[in-house]
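I have placed the structure first, in the form of structure tokens, so that the comments after it can refer back to it.
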């Protein structure tokens, strides 16, 4: 298999798909949650990621599992069925990047809200 040079600006490069994946809101929140708790069940993730629907959480976890960022473990010997999620080594490798974005968002949210209000005020005055 030939290794291609990654280029997120190229429309057909799969690195763009990876960038789109990791920029999704729920992906960032799930990775952060799993980085703090190490292992979580579906319901625990749903409670931590306030506002996520069951369907969206399921879809996002499947994508993360498909791409090797999350490991899903099923304990079939438990009733009711027990399923746990944890970050894979690849997923753990992503944590510092997402943590930095999370920190930036939290640090700058007030400034951004001020800019938003000024923008709205200016554009509603026209």
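I'd like to verify a number: residues in segment 32-49 that are assigned to a loop (DSSP other than H, G, I, E, B) and out of contact with any helix residue (DSSP H, G or I) (no Cβ under 9 Å at 6 or more places or on another chain), how many?
Residues that pass the stated criteria total 1.
If I filter segment 74-99 down to residues being touching a residue at least 60 places away in the same chain (Cβ under 8 Å) and touching a strand residue (DSSP E or B) at 6+ places or on another chain (Cβ under 9 Å), which single residue comes out as surrounded by the most Cβ atoms within 10 Å (Cβ to Cβ)?
Only one residue fits best here, namely 91.
Consider residue 16 carefully, then state whether it is within 30 Å of residue 4 (Cα to Cα) and part of a strand (DSSP E or B).
Spelling it out, it is not the case that residue 16 is within 30 Å of residue 4 (Cα to Cα) and part of a strand (DSSP E or B).
Is it fair to say residue 102 is in contact with a helix residue (DSSP H, G or I) (Cβ under 7 Å, 6 or more places away or on another chain), without any contact (Cβ under 8 Å) to a residue 60 or more places away in the chain and surrounded by 13 or more Cβ atoms within 10 Å (Cβ to Cβ)?
no
Could you please give the count of residues in segment 1-26 that are under 15 Å from the mean Cα position of the chain (by Cα) and either in contact (Cβ under 8 Å) with a residue 40 or more places away in the chain or over 17 Å from residue 91 (Cα atoms) (or both)?
Residues meeting the conditions: 3.
Among the residues of segment 70-89, is any assigned to a helix (DSSP H, G or I) and modelled with pLDDT of 95 or more?
Yes, there is a match, as at least one residue in segment 70-89 is assigned to a helix (DSSP H, G or I) and modelled with pLDDT of 95 or more.
Being at pLDDT below 95, surrounded by fewer than 11 Cβ atoms within 10 Å (Cβ to Cβ) and more than 16 Å from residue 18 (Cα to Cα), is that true of even one residue in segment 45-58?
No: segment 45-58 contains no residue that is at pLDDT below 95, surrounded by fewer than 11 Cβ atoms within 10 Å (Cβ to Cβ) and more than 16 Å from residue 18 (Cα to Cα).
The values are calculated or read from the model by the stated rules, or taken from the named source; none is laboratory data. These figures come from a predicted structure and were not determined experimentally. Note that each Cβ is placed from the backbone with ideal geometry, even for glycine, and that neighbours are counted across all protein chains shown.
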